[in-house]
Each structure stands twice: as C-alpha cells, then as structure tokens.
Amino acid sequence: MTIFTVKVKPNSQQQSIEEQPDGSLKVHLKSPPVDGKANQELIVLLAKKFKVPKSAIAIKSGLSSKNKLVEIAIEPFIQLTVDR
C-alpha cells in the first residue's frame, strides 16, 4: 500500500497529474465537486496512471476537501504482472 497526498483542482480545462517536489500529487479534474463526481474522476485517473484497477484505490481522508490522502494498493498488482 502506498499513500499519496493529493491536491485536487476541480473544474479544470483538462485532466492532468503533476508530481510535486515533495512527493505529493496535484491533479486537475474536469468534473465539478458535486455529488462525488470529482472523487470518481480522481479514482479513474489514478487507476490509469498507476495501471491498477479502480478497486485498488481508496480515498482515506478529504472526501469533501481539495486536499486528500489517497491509498493505492500498487504492490500486489506489480507482483502479479511479474509472475505471469
């Protein structure tokens, strides 16, 4: 399990993920922060970046905040791809 500090910018023109010097992520999302749409888009975008299923990503804190702690289960999926 890897935990990232993520700063989310909803209502952006385009999607992007920027890695910050401190190891955190700055994520620009197109979705508005309404009814969890931005959180859903965040999970989909992180799943694509880290090549893991959406179920491997959990928002641990900050569901209604721009600053979030996101846990990503990367290790088991890396191991599965190495074994094949």
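The values are calculated or read from the model by the stated rules, or taken from the named source; none is laboratory data. Bear in mind the structure is a predicted one, so any value in this text is a computation, not a measurement. Ideal geometry is used to build each Cβ from the backbone, glycine not excepted, and the neighbour counts take in all protein chains shown. The protein model used for the area step is the full one, side chains on, heavy atoms only, and it has no ligands, DNA or RNA in it. Shrake-Rupley method; radii C 1.70, N 1.55, O 1.52, S 1.80 Å.
Data for the structure
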quantity	calculated
Given charges at beta-carbon only (K, R positive; D, E negative), |dipole| of the chain in Debye	240
Helical mean residue ellipticity (222 nm; -39500 (n - 2.57) per DSSP H run of 4+; nearest 500) of the chain	-8500 deg cm²/dmol
All lysines inside 22 Å of Lys66 as judged from Cα atoms, apart from same-chain residues fewer than 8 positions distant	Lys7, Lys9, Lys26, Lys30, Lys37, Lys48, Lys49, Lys54
Trypsin sites (Lys or Arg not before Pro) lying in DSSP loop within region 22-65, provided at most 12 other Cβ fall within 10 Å	Lys51
Residue (of Val27, Ser12, Val44) at the positive-pole extreme of the chain, dipole from beta-carbon charges	Ser12
On Cα atoms only, tilt of 37-50 relative to the major axis of the chain in degrees	30
Residues in region 19-37 that a label on Ala47 would reach, taking backbone N under 17 Å of a point 7 Å out along Cα→Cβ	30-31, 36-37
Percentage relative contact order, the chain, counting C-alpha pairs under 8 Å, at least six apart	31
For the chain: accessible area per residue (Å², 1.4 Å)	66
Most mobile listed residue (Glu71, Glu19, Glu41) in the chain, GNM with C-alpha springs under 10 Å	Glu19
